[in-house]
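Report on the structure given below.
The values are calculated or read from the model by the stated rules, or taken from the named source; none is laboratory data. All values reported here derive from a predicted model rather than from experimental measurement. Don't worry about glycine lacking a Cβ; one is built from the backbone with ideal geometry, like all the others, and counts go over all protein chains shown. What goes into the accessible areas is simple: the full protein's heavy atoms, side chains included, and nothing from ligands, DNA or RNA. Shrake-Rupley method; radii C 1.70, N 1.55, O 1.52, S 1.80 Å.
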Amino acid sequence: MISFEHVTKQYPEHLALDDLNLTIHTGELFVLVGPSGSGKTTTLKMINRLIDPTSGTVKIGDQNVTDYNIQALRLTMGYVLQNIALFPNMTIQDNIAIQPEALRWPRAKRIERSRQLLTQVHLSPDDYANRYPRELSGGEQQRVGIVRALATEPKIILMDEPFSALDPISRKQLQDLVLQLHQSLNLTIVFVTHDMREALRLGTRVAVMRNGHIQQVGTPNDIRQHPANDFIKEFFISAEDQQQTLTVDELLLSGYDRPVEPDKHYMRIPKSASLNNLAQTLKSQPNGVIVTRSDGQDMVITTQDLLSYISERGV
Amino acid sequence: MWQNLWHTMVTQRGQIWEALLQHIGLSLLSLLIAAAIAIPLAIILTPHKKIAEGVLQITSVMQTIPSLALLGILIPFVGIGTVPSVIALVVYAVMPIFQSTYSGLSEIDPSLQEAATAFGLPRWMRLFRIDLPLAMPTIIGGLRVALVLIIGTATLAALIGAGGLGTYILLGIETNNNSYLIIGAVLSALLAIFFSALIRWLGRLSLRRMVEVVAIAVALIAGAAGYQSYTAKTATITIAGKLGSEPDILINMYKELIEQQDHKLQVVTKPNFGATSFLFKALQSNQIQVYPEFTGTVTQTILKSHTKTSHNPQQTYEKARAGLSSEYQMSYLKPMKYQNGYDLAVTQQFAKKYDLKTISDLREIATKLHAGFDPDFDHQKDGYPGLQKAYNLQMGSIRTMEPSIRYKALVNGKVNVVDGYTTDAEIQQYHLVVLKDDLHYFPPYQGAPLLKTSTLKKYPALKPALNKLANQITEKDMQTMNYDVQVKHEKASTVAHHYLLTHHLLK
């Protein structure tokens with residue numbers, strides 16, 4: 001259990017957190033969501049003491065975080081950064097094992113752990129262990145960034161907008177990975193994002209923040225069905241705005257498409273067509289529609305594909 | 001000229017190799033010390049921006065001190081030789097290394113720094129696994145700048161007896177020998193290129209490998225230095241000489257004579273040790289025990305009590321001897337016969353044509369004379385202006401020219417009288433006629449061994465040994481010997497030995 005009691009952070013220029021009270025339960029995937037400047041990252045960084053409060057206390061269990069040896073405290077937590085921040089001078093294997101190295105694990109054990117973690121996130125250790133970060137795509141790098149946080153089997157993982165710099169496909173895949181890891185490893189994850197859809201998709205509970213205050217804490221359903229105030233409603237509307245601009249291309253990028261069957265007849269639509277447009281067309285096209293992907297390949301999208309997409313993206 | 005260069009390289013390969021090794025040793029030692037100071041300092045100060053900027057200012061100011069001035073400042077405190085050279089070189093090298101390390105460390109991507117902090121890495125691990133490796137390309141850049149700076153500046157070490165390739169550059173300038181100049185300059189340039197590439201290669205290694213390589217380099221340098229000081233310790237007497245072939249020949253004679261007198265004495269020669277003031281200071285601080293000095297130099301630059309220079313050689317020697325004894329407790333042994341001072345020289349043909357033997361003989365044909373003078377000689381009071389007055393000479397025309405070109409201009413008939421030194425090898429080389437200074441205008445410059453009186457007491461064999469050269473060696477002898485070394489590239493020790501044998505000074 002992580003608890004914030006009357007926590008305030010005053011910077012010379014502005015008040016970042018104003019009398020924050022919050023409890024994060026063990027085993028939760030807790031999401032802090034809000035626009036920039038809302039205080040969500042400040043809140044997160046108080047848990048591993050990258051930032052100390054001006055007043056108030058942050059506790060892990062019953063103990064104040066300031067009572068721990070600061071390095072020991074940090075070594076018991078995983079941390080995933082927005083900029084990924086893999087060390088460019090180290091191999092993937094050494095990056096993953098950086099905290100074990102600090103804990104003086106023997107080398108053989110560190111290598112074993114790295115390889116095991118790479119396998120767990122579907123990166124072949126033989127291909128990846130000895131490569132350098134610059135040789136990996138952004139999505140692959142953040143995959144490594146996540147397992148680096150898991151290396152010492154910490155109970156708490158902090159994630160600071162980890163997917164905001166990634167493309168939509170990688171983002172979706174990594175969200176799935178986080179959900180899967182959270183379930184299988186019984187972790188407490190504190191996750192910061194400015195994307196309401198991401199928050200609602202991932203969170204066991206979600207805290208919506210604005211200007212250093214918490215607006216509402218609850219399960220995604222609570223927040224969706226009973227938004228506490230106009231700010232949260234507007235936050236939803238802007239998220240839905242984003243949805244309305246979604247196009248067929250988004251489905252293609254996310255991999256919800258299938259190959260063309262040669263003996264069937266399809267209607268063709270542009271990939272820039274909106275999802276509404278797609279849904280309407282599909283009503284009259286039981287075989288699905290044909291779309292040209294950006295790589296020039298013709299693909300088919302069926303009603304089933306659209307439904308899977310919507311159900312899994314949490315529209 | 002290429003032939004000349006090749007010949008010099010072949011005949012002197014031993015000394016060139018030694019100078020090269022000295023240069024490398026001096027440069028690497030200075031670089032290592034500078035790095036050992038600058039890198040840890042930058043690591044400590046990187047979190048303290050204001051202090052670091054202050055240190056950067058100080059090191060930049062140190063950089064602006066002219067290197068010769070710095071050497072001059074250091075000599076009273078640490079003497080001459082390797083120590084002040086290394087200190088001066090370190091002073092110059094600290095700033096680029098500190099600056100590059102500091103900027104390398106402070107420009108590390110903030111998100112990587114945040115990651116290292118958030119992971120709770122211990123300080124040492126953060127430094128050696130993350131900060132230093134990430135800053136390494138910048139640090140390596142600074143080290144390369146520092147090394148090139150050091151190798152260039154180290155050529156000045158020759159001025160204060162630390163040896164190195166600068167010896168050849170100074171010697172080349174002093175004796176108008178382009179081969180020496182080229183050897184010194186080209187080798188230093190090649191050295192800079194080679195080591196710069198080596199450091200770049202070093203920068204590609206992992207930190208652990210790098211530490212291993214540096215440790216090996218340190219061990220090698222320490223070993224070489226240890227060996228040198230070990231071998232140096234067996235020497236009881238060190239004889240040094242100024243730049244050029246003449247002092248080199250003389251100190252080889254000293255060595256042979258001393259070793260003949262007392263077999264137990266170990267004598268080491270240090271040719272091309274530097275300029276007058278450095279040699280004299282080295283003698284005072286007992287880093288060297290003997291060196292040949294000219295009477296005129298003693299009376300005019302060494303003695304504090306400036307009196308009017310006598311034109312009588314014996315009086316000048318007496319004055320020098322007495323002054324050295326009372327002011328410095330030094331003994332000035334008996335001088336050799338030859339004078340190494342200014343002279344005027346003409347070609348044999350020209351002398352015959354006008355029946356020239358003395359400088360006075362020039363007076364009658366003065367208006368027809370086209371003189372080629374060294375710029376110093378043309379201006380200095382004891383040069384042409386004084387000569388003009390003393391002999392009442394009005395030369396037809398005077399052109400000032402570089403010493404090296406002067407003799408060639410004379411031989412080619414561009415000028416018909418030049419100034420020179422009485423023992424110049426060119427006198428023999430071109431069969432020139434030196435006109436007698438019949439009015440004794442030029443101040444006498446006689447060479448004699450100079451040493452501390454205490455040294456003389458400690459090694460009584462020195463006096464009889466060195467005095468064997470008293471009143472020996474004529475100007476002609478010296479010209480020939482200089483010719484043998486400078487033009488024929490014989491070894492100074494061989495030439496010296498040959499003279500001693502033919503003059504029955506060796507048993």
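Given the structure, is A:Arg197 part of a helix (DSSP H, G or I), within 24 Å of B:Glu114 (Cβ to Cβ), among the charged types (D, E, K, R) and within 14 Å of the chain's Cα centre (by Cα)? It would help to see each step written out before you state the result.
On the way: part of a helix (DSSP H, G or I): yes; within 24 Å of B:Glu114 (Cβ to Cβ): no; among the charged types (D, E, K, R): yes; within 14 Å of the chain's Cα centre (by Cα): yes.
Answer is no for this residue.
State all residues of the range B:122-131 that are touching a residue at least 24 places away in the same chain (Cβ under 8 Å) and surrounded by fewer than 20 Cβ atoms within 10 Å (Cβ to Cβ); if no residue qualifies, say none.
B:Leu127, B:Phe128
Among the numbered criteria (1) within 30 Å of B:Ala154 (Cα to Cα); (2) hydroxyl-bearing (Ser, Thr, Tyr); (3) facing chain A (nearest Cβ under 9 Å), which one does B:Thr117 miss?
(1)
In the range B:353-404, which residues are open to solvent by 70 Å² or more (accessible area, probe 1.4 Å), in contact (Cβ under 8 Å) with a residue 12 or more places away in the chain and within 20 Å of B:Tyr421 (Cα to Cα)?
Once the filter is applied, which keeps residues that are open to solvent by 70 Å² or more (accessible area, probe 1.4 Å), in contact (Cβ under 8 Å) with a residue 12 or more places away in the chain and within 20 Å of B:Tyr421 (Cα to Cα), the range B:353-404 yields B:Lys357, B:His370, B:Arg399, B:Thr400, B:Glu402.
Here are some conditions: (1) at pLDDT 85 or above; (2) more than 26 Å from B:Ser196 (Cα to Cα). B:Val86 meets all but one. Which one does it not meet?
(2)
Just need a number here: residues in the range A:24-42 that are away from chain B (no Cβ under 14 Å) and under 22 Å from A:Leu179 (Cα atoms). I'd like the intermediate steps shown before the answer.
First pass over the range A:24-42, keeping only residues away from chain B (no Cβ under 14 Å): A:24-40.
From what's left, under 22 Å from A:Leu179 (Cα atoms): A:24-34, A:40.
Of the residues in the range A:24-42, 12 are away from chain B (no Cβ under 14 Å) and under 22 Å from A:Leu179 (Cα atoms).
Does A:Ser170 fit the bill of being within 22 Å of A:Glu312 (Cα to Cα), open to solvent by less than 40 Å² (accessible area, probe 1.4 Å) and in contact with a helix residue (DSSP H, G or I) (Cβ under 7 Å, 6 or more places away or on another chain)? Steps first, answer last, please.
Details: within 22 Å of A:Glu312 (Cα to Cα): yes; open to solvent by less than 40 Å² (accessible area, probe 1.4 Å): yes; in contact with a helix residue (DSSP H, G or I) (Cβ under 7 Å, 6 or more places away or on another chain): yes.
Taking the combined requirement at face value, the residue satisfies it.
If you take just the strands (runs of 3 or more DSSP E) that sit entirely in the range A:1-62, which of them hold at least 1 residues that are loosely packed, with under 15 Cβ neighbours inside 10 Å and of a type in the set (S, T, N, Q)?
Values: elements: A:2-10, A:15-24, A:29-33, A:55-60.
Correct list: A:2-10, A:15-24, A:55-60.
Could you tell me whether the range A:48-71 includes any residue that is closer than 22 Å to A:Ala151 by Cβ, in contact with a strand residue (DSSP E or B) (Cβ under 6 Å, 6 or more places away or on another chain) and at the interface with another protein chain (Cβ under 8 Å from one of its Cβ atoms)? Give the derivation first.
The initial filter retains those residues of the range A:48-71 that are closer than 22 Å to A:Ala151 by Cβ, namely A:48-50, A:60, A:65, A:68-71.
Retained after the next criterion (residues that are in contact with a strand residue (DSSP E or B) (Cβ under 6 Å, 6 or more places away or on another chain)): A:48, A:60, A:65.
This time we only want the ones that are at the interface with another protein chain (Cβ under 8 Å from one of its Cβ atoms), so: A:48.
Within the range A:48-71, one or more residues are closer than 22 Å to A:Ala151 by Cβ, in contact with a strand residue (DSSP E or B) (Cβ under 6 Å, 6 or more places away or on another chain) and at the interface with another protein chain (Cβ under 8 Å from one of its Cβ atoms).
Looking only at the range B:443-481, how many residues end up being out of contact with any Pro (no Cβ under 8 Å at 6 or more places or on another chain), in a strand (DSSP E or B) and surrounded by 21 or more Cβ atoms within 10 Å (Cβ to Cβ)?
The qualifying residues number 1.
Taking the criterion of being within 9 Å of another protein chain (Cβ to nearest Cβ), open to solvent by 20 Å² or more (accessible area, probe 1.4 Å), basic (Lys, Arg) and within 29 Å of B:Met136 (Cβ to Cβ), would at least one residue in the range A:74-95 satisfy it?
Yes, the range A:74-95 contains at least one residue that is within 9 Å of another protein chain (Cβ to nearest Cβ), open to solvent by 20 Å² or more (accessible area, probe 1.4 Å), basic (Lys, Arg) and within 29 Å of B:Met136 (Cβ to Cβ).
Can you list the strands (runs of 3 or more DSSP E) lying wholly within the range B:217-300 that have 1 or more residues being of a type outside the set (D, E, K, R) and in contact with a Ser or Thr (Cβ under 6 Å, 6 or more places away or on another chain)?
Working: elements: B:237-240, B:267-270, B:290-294.
Output list reads B:237-240, B:267-270.
Of everything in the range A:92-130, what is of a type in the set (S, T, N, Q) and under 24 Å from the mean Cα position of the chain (by Cα)? Give them in sequence order. Walk me through it before giving the result.
First, the residues of the range A:92-130 that are of a type in the set (S, T, N, Q): A:93, A:95, A:99, A:114, A:116, A:119-120, A:124, A:130.
Once the filter is applied, which keeps residues that are of a type in the set (S, T, N, Q) and under 24 Å from the mean Cα position of the chain (by Cα), the range A:92-130 yields A:Gln93, A:Asn95, A:Gln99, A:Ser114, A:Gln116, A:Thr119, A:Gln120, A:Ser124.
How many residues does the range A:108-149 contain that are under 18 Å from B:Ile130 (Cβ atoms) and assigned to a helix (DSSP H, G or I)? Walk me through how you get there before you give the answer.
Just the residues of the range A:108-149 that are under 18 Å from B:Ile130 (Cβ atoms), to begin with: A:110, A:114, A:132-134, A:141, A:144-145, A:148-149.
Now narrow it down to the ones that are assigned to a helix (DSSP H, G or I): A:110, A:114, A:133-134, A:141, A:144-145, A:148-149.
Total meeting the criteria: 9.
Is the range B:262-278 home to any residue that is more than 24 Å from the chain's Cα centre (by Cα) and either open to solvent by less than 50 Å² (accessible area, probe 1.4 Å) or modelled with pLDDT of 90 or more (or both)?
Yes, the conditions are met somewhere in the range B:262-278.
Return yes or no: is A:Gln99 open to solvent by less than 30 Å² (accessible area, probe 1.4 Å), within 14 Å of chain B (Cβ to nearest Cβ) and part of a helix (DSSP H, G or I)?
Details: open to solvent by less than 30 Å² (accessible area, probe 1.4 Å): yes; within 14 Å of chain B (Cβ to nearest Cβ): yes; part of a helix (DSSP H, G or I): yes.
Criteria met by A:Gln99.
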